[in-house]
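**Student:** Structure below; questions to follow.
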Number of protein chains: 2
Amino acid sequence: MAESETQTRHEVTDSHGSDIYGEDGAIRSSFLATVGAAIADRDVLFLRSHVGGLHPSELGHILEVLQPEQRQALVQLLGEDFNFAALTEVDEAIRLQIVDALPNDQIAEGVQELDSDDAVYILEDLDQEDQEEILAKLPFTERIRLRRSLEYPEESAGRRMQTEFVAVPPFWTIGQTIDYMREDHDLPDHFSQVFVIDPTFRLLGAIALDRVLRTGRNVKVEDIMHETRHAIPATMDQEEAAQIFEQYDLLSAAVVDENERLVGVLTIDDVVDVIQAEAEEDLMRMGGVGDEELSDSVIATSRSRVPWLLVNLFTAFLSASVIGLFEATIQEMVALAVLMPIVASMGGNAATQTMTVTVRAIATRDIDIYNASRVIRREAIIGLLNGLIFAVLIGLVAGGWFHNPQLGGIIAAAMVINMLAAALAGILIPLLLHRFGADPAIASSVFVTTVTDVTGFLAFLGLATWWFGVHP
Amino acid sequence: MAESETQTRHEVTDSHGSDIYGEDGAIRSSFLATVGAAIADRDVLFLRSHVGGLHPSELGHILEVLQPEQRQALVQLLGEDFNFAALTEVDEAIRLQIVDALPNDQIAEGVQELDSDDAVYILEDLDQEDQEEILAKLPFTERIRLRRSLEYPEESAGRRMQTEFVAVPPFWTIGQTIDYMREDHDLPDHFSQVFVIDPTFRLLGAIALDRVLRTGRNVKVEDIMHETRHAIPATMDQEEAAQIFEQYDLLSAAVVDENERLVGVLTIDDVVDVIQAEAEEDLMRMGGVGDEELSDSVIATSRSRVPWLLVNLFTAFLSASVIGLFEATIQEMVALAVLMPIVASMGGNAATQTMTVTVRAIATRDIDIYNASRVIRREAIIGLLNGLIFAVLIGLVAGGWFHNPQLGGIIAAAMVINMLAAALAGILIPLLLHRFGADPAIASSVFVTTVTDVTGFLAFLGLATWWFGVHP
């Protein structure tokens, strides 16, 4: 009676999963309000039937928009119906907050239900002690598998792989293989190829499932298997593995240990996450921010942004000291102070354009030793060309503004110089950073704009001092 | 005899495909030199055996690093052995250059060998006339299929889908389905699910291949098919389709027309390309460049960068005119001209940090109506906090440099004001642009740095004028 009451209290017009999203792609506010009310009323029945059955990514999305205390309550109320896979879909800070509040027993129960790659994803962020306690509560095979994954370096293929896979000996027929798959109930939830191994688990080849289905029952596995050219060493960096997936359009790839033994399978869905994360990393680094997330604390975020601002402060003082050299000239002709930021700003923008293209080209390997000199020459010409266009424009406007054609000529000349410097800095600095093993995205902006600020002020104020005969 | 001679002239130590890449991930220069020599010598035999058999992405990579005239020669020499799929792996400019030089007959032959999605990818960039001529040379079914894809809007799911798929009626058994796949030779090259349709091609459901393999021969298709919750309308934008793939970890999805009829299948490999392109687009737009590629001409590149530089020129003059208001103050105290770029530069950097995080959060839908006000408050606090830290630093250094503690105080106050403005501009401008349907990445930088330049100059020079009693 009490239950049917609670059930009717919170109603959603349509329980179809995808309908939790509105037209704009955000979660419907009506749905969220109902969930919030159900959490406040501890309406377990409603939550289990309308939230517990959602796709993990949908549940993860809901967790992200809830208030912290609502998150804990929801996980608690769902109990066994809480799908731990949702934790792989939320920001790290939220995941840790939820997991830290759960007893290790419940975490052990929860990760047991997951594919090993998802389980590792959740376990790897915990501290050593909790990790060990949770592993100890798992069945033997699970424990061995997860521990092996966790022993590989962070961000390696071994960490991201799934340790469940289907493997058969080469002398089996396709018929035997299909029968095995029909009978064995310990298969992975999803798989797209069958691996072929020898008795010591050494990888011999693979067969895509569509190939299995198209082949007669009597054909032998070894006759249709293809050599796995793209087996991935478990210690390979996940970014490198992602590049192989992308280049060869793989759906899944065997992961092998140092003895060429099959230890797991890397699947495209994990790789998509890696690709996205890597592209995001470039963007964030060029913007001078680390891998911060909106759910990080204010103090943590503030602190993570300070180093970049400090470097910028230092280079800003460097530019200022260049201006300082020309104090006497500025005092005689204040128009210079008014105009000088224009030269620096245009150079900074042109350099950013070139640098953006260069950083991206390095990341996608579109720039290499074969075309580097061609690309550098190309950027220099573009810089010169755009420099000339804007020199004419700025010269006319500035000369007219201050009724001083000579000043117009000087700013035009400074502009050409700075736009050329911008193009060269924009391409050479990322290339050099990459050459010496640094990430071209992380440090390019600050170096590049320093070059254009210093060159811009030096060229403009220097030319003015020389032409108008003021001695600094 | 002549042939065996040519064959021995160009030797590669190992013909294994992946070995064309060196340790650094670039194509080995020795391999490239050999290919170049073989092209020069028109050594067809060598090229067919060592280049013709490469993976399309490898062949594409080689085409990209060759000189333009070498590219044409290579395609010509390979003749029928040239795999047109390689054209889907190169920059648009290179693709057009190669295709434009080929007779339409050869293009028709080449695209016939491809999956329909790859064929559309090559055809869609050609002009209407060539497209029609090539389509006319194709067999009826191919022509109908490709024309249908080409009729969908650019960058839609219908353009990216593959029109080859496996579909069976619901009343078939798994045994019948497997037998059909064993016998029919017109199946797609690769597929990961079997679709279930009614006689009018309306989509009823789907079965993943691993499910087919795990199920007994006598089970009916309709009993194990799952409802396809994520069928994608052919007119849906490819980016939206990619988000569905990502959220639900799909490997492939049915594409349906306006009558819910199955018209094709969208696969994860195409989606990976979309995800990558979209992430790249954000990066490029924030850097003030369009979708330029290294293979574009100098003139085209220069022209595509001018609009952004023009906008920047305009805003730079706006900032300059703010400085112009304070000419009298600067003349009395040149130190202001020396220090003012520091205030503007720090604000610009802080704003870029906030803006980068915001643009990314909007793209990944991490920011929405539920947390917008929370995030705005958070950024304002971070801006104020970092503003205070750097105010103290800059105040001390500037005051010491010019032996003027009051000047130090003034620059410190201006810094706090500008860092707060930077934080607010960095978050509010992208949010507003997004709210009004504009891409937050494309226009944010220029607006945001205008705010910080103007605020920085106004706050610093204005406070100085007020404090030191100079009247502008």
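Read-outs: derived from the displayed coordinates by stated rules, not from any lab. Treat the numbers as computed from the prediction; the structure is a model and nothing was measured. Note that each Cβ is placed from the backbone with ideal geometry, even for glycine, and that neighbours are counted across all protein chains shown.
**Student:** For region B:28-34, take each phi angle, set θ = phi - 60°, evaluate the Karplus expression 6.51 cos²θ - 1.76 cosθ + 1.60, and give the result in whole Hz per residue in order, putting x for glycine and proline.
**Tutor:** Running phi through 6.51 cos²θ - 1.76 cosθ + 1.60 with θ = phi - 60° gives 4, 5, 5, 5, 5, 5, 5 Hz.
**Student:** Mind running the shape call on region B:298-467? Use the C-alpha gyration tensor, a ≥ b ≥ c as the square roots of the eigenvalues: rounded below 1.5 for a/c, prolate if a/b tops b/c, oblate otherwise.
**Tutor:** Here region B:298-467 falls in the oblate category.
**Student:** Further, regarding this structure: Which distance in Å, rounded to a whole number, links the C-alpha centroids of region B:228-306 and region B:359-410?
**Tutor:** Going from one Cα centre to the other spans 36 Å.
**Student:** What is the antiparallel percent of DSSP beta bridges lying wholly in the protein assembly as shown, to the nearest 5?
**Tutor:** The answer is about 80 percent antiparallel.
**Student:** Show the residues, 5+ positions off or on another chain, whose built amide H is closer than 5 Å to the amide H of residue B:204.
**Tutor:** Counting only residues 5 or more places away or on other chains, the set is B:196, B:197, B:198.
**Student:** Here's another thing I want to ask about it. Rounded to the nearest 0.05, what FRET efficiency do residue A:218 and residue A:113 have when you use their Cβ-Cβ distance and R0 = 35 Å?
**Tutor:** Once the sixth-power term is evaluated, E becomes 0.35.
**Student:** Working out 0.36 nm times the residue gap between residue B:69 and residue B:147, then minus their Cα-Cα distance, what length gain in nm do you get to one decimal?
**Tutor:** Taking 0.36 nm per residue and subtracting the Cα distance, the gain is 24.9 nm.
**Student:** Can you give me the distance in nm between label points at residue B:364 and residue A:186, each placed 7 Å from the Cα along the Cα-to-Cβ direction?
**Tutor:** My value for the distance between the label points is 3.7 nm.
**Student:** Between B:251, B:121, A:65, whose Cα lies farthest towards the positive end of the dipole of the protein assembly as shown when Lys and Arg beta carbons carry +1 and Asp and Glu beta carbons carry -1, centred on the Cα centre?
**Tutor:** Farthest along the dipole direction, towards plus: A:65.
**Student:** What does the charge count around residue B:97 come to, taking other residues whose C-beta lies under 10 Å from its C-beta (Lys +1, Arg +1, Asp -1, Glu -1)?
**Tutor:** In short, -1.
**Student:** Continuing with the same structure: Under the convention of a label 7 Å out along Cα→Cβ, give the distances in nm from residue A:211 to the same position in every other copy, shortest first.
**Tutor:** Copy-to-copy label distances for residue A:211: 2.5 nm.
**Student:** Which number do you get for Rg(Cα) / (2.2 N^0.38 Å) in region B:86-134?
**Tutor:** That works out to 1.01 for region B:86-134.
**Student:** Same structure, new question: Mind listing the phi-derived Karplus ³J(HN,Hα) values for region B:224-241, rounded to whole Hz, using 6.51, -1.76 and 1.60 with θ = phi - 60°, and x for any glycine or proline?
**Tutor:** Ordered by residue, 3J(HN,Hα) equals 10, 5, 10, 5, 8, 5, 10, 5, 10, x, 4, 8, 5, 4, 4, 5, 5, 4 Hz.
**Student:** Further question: Quick check on region A:134-211: what are the equivalent-ellipsoid semi-axes from the Cα gyration tensor, as sqrt(5λ), descending, whole Å?
**Tutor:** So the equivalent ellipsoid measures 26, 15, 12 Å along its semi-axes.
**Student:** Need one number: % antiparallel among DSSP beta bridges in region B:167-286, to the nearest 5.
**Tutor:** Once the DSSP bridges in region B:167-286 are tallied, antiparallel ones form about 75 percent.
**Student:** If you don't mind, there's one more thing I want to ask. So, R0 is 25 Å and r is the distance between the beta-carbons of residue B:467 and residue A:318; what FRET efficiency does that work out to, to 0.05?
**Tutor:** Using R0 = 25 Å, I get an efficiency of 0.40.
**Student:** What is the set of long-range amide H partners of residue A:165 at a cut-off below 5 Å, with H atoms built 1.01 Å from backbone N?
**Tutor:** none
**Student:** If you don't mind, another one. Testing the spin-label approximation: label points 7 Å from Cα along Cα→Cβ at residue B:439 and residue B:328. State their distance in nm.
**Tutor:** Once both label points are built, they end up 4.7 nm from each other.
**Student:** Using only DSSP helix segments of four residues or longer, with each worth -39500 (n - 2.57), what per-residue ellipticity at 222 nm results for chain B after dividing by its residue count and rounding to 500?
**Tutor:** It lands at -20500 deg cm²/dmol.
**Student:** How many angstrom lie between the C-alpha centres of region B:89-112 and region A:314-347?
**Tutor:** 53 Å
**Student:** Only bridges whose two residues both fall in chain A count here: according to DSSP, what percent of them are antiparallel, nearest 5?
**Tutor:** 80 percent
**Student:** I've got another one for you. Starting from 0.36 nm per residue, how many nanometres of slack lie between residue B:240 and residue B:211 once their C-alpha separation is accounted for?
**Tutor:** Full extension from residue B:240 to residue B:211 adds 7.7 nm.
**Student:** List the residues whose amide H sits under 5 Å from the amide H of residue B:21, counting only those 5 or more places along or on another chain, with H placed 1.01 Å from N in the peptide plane.
**Tutor:** Amide H neighbours of residue B:21, under 5 Å, 5+ apart: B:28.
**Student:** Further, regarding this structure: For residue B:290, which inter-copy label distances result when the label point lies 7 Å beyond Cα on the Cα-to-Cβ vector, reported in nm to one decimal and in ascending order?
**Tutor:** With the label placed 7 Å along Cα→Cβ, residue B:290 yields 3.9 nm.
**Student:** How far apart are the residue B:310 label points across copies, placing each 7 Å from Cα toward Cβ, in nm, shortest first?
**Tutor:** Its label point is 4.3 nm from the equivalent points in the other copies.
**Student:** Cα atoms only, the protein assembly as shown: Rg and Dmax in Å?
**Tutor:** Calculated on Cα positions, Rg and Dmax stand at 31.2, 98 Å.
**Student:** Mind listing the phi-derived Karplus ³J(HN,Hα) values for region A:377-384, rounded to whole Hz, using 6.51, -1.76 and 1.60 with θ = phi - 60°, and x for any glycine or proline?
**Tutor:** Coupling constants for region A:377-384: 4, 4, 5, 4, 5, 4, x, 5 Hz.
**Student:** State the extension gain, in nm to one decimal, for the chain segment bounded by residue A:125 and residue A:374, taking 0.36 nm per residue of separation less the distance between their alpha-carbons.
**Tutor:** Gain in length upon complete extension: 85.1 nm.
**Student:** If you scale each eigenvalue of the Cα gyration tensor by 5 and take the root, what three semi-axes come out for chain B, rounded to whole angstrom and sorted largest first?
**Tutor:** Largest first, chain B gives 57, 32, 19 Å.
**Student:** Rounded to the nearest 0.05, what FRET efficiency is calculated for residue B:93 and residue B:171 with R0 set to 51 Å and r the Cβ-Cβ distance?
**Tutor:** 0.50
**Student:** What is the Cα convex hull volume of region B:2-160 when expressed per residue in Å³?
**Tutor:** 122 Å³
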